[in-house]
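The values are calculated or read from the model by the stated rules, or taken from the named source; none is laboratory data. All values reported here derive from a predicted model rather than from experimental measurement. Ideal geometry is used to build each Cβ from the backbone, glycine not excepted, and the neighbour counts take in all protein chains shown.
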Amino acid sequence: MPMVSARRTQLKGSGAACGAICTSETASALQELPKRLHKPQSFVAKYEGGERRVDVVEFIEICKAIEADPHKLLKVLIQRAA
């Protein structure tokens, strides 16, 4: 698998991991994510679709915005990457 495709697959997997962690309350927060982050929908869509990477600071901000535990979500991401 080419490096770019592998990276996109990993990033898309991170969206799936988020889905695995999200509660119904968190799911509604995902719909409001651009507003909560004070970012346009297009910005959020790029990392949701795997077109853009998220750094650690953004990851924590996203977790706070969707009321998810960053430790739990990171653990799921690490397990999926293995």
Within segment 53-63, how many residues are within 16 Å of L77 (Cα to Cα) and surrounded by 11 or more Cβ atoms within 10 Å (Cβ to Cβ)? 7
Residue by residue through segment 64-79, note down the ones that are buried (at least 18 other Cβ atoms within 10 Å of the Cβ) and within 14 Å of K35 (Cα to Cα). A65, I66
So which pairs qualify, if the first residue must be in segment 56-81 and more than 18 Å from Q31 (Cα to Cα) and free of Cβ contacts under 8 Å to residues at least 12 places away in the same chain, the second must be surrounded by 16 or more Cβ atoms within 10 Å (Cβ to Cβ) and not acidic (D, E), the Cβ gap must be under 8 Å, and the two must be at least 6 apart or on different chains? P70/F59; P70/C63
Out of the helices (runs of 4 or more DSSP H) lying entirely within the chain, which hold 1 or more residues that are modelled with pLDDT under 55? 3-21, 24-31
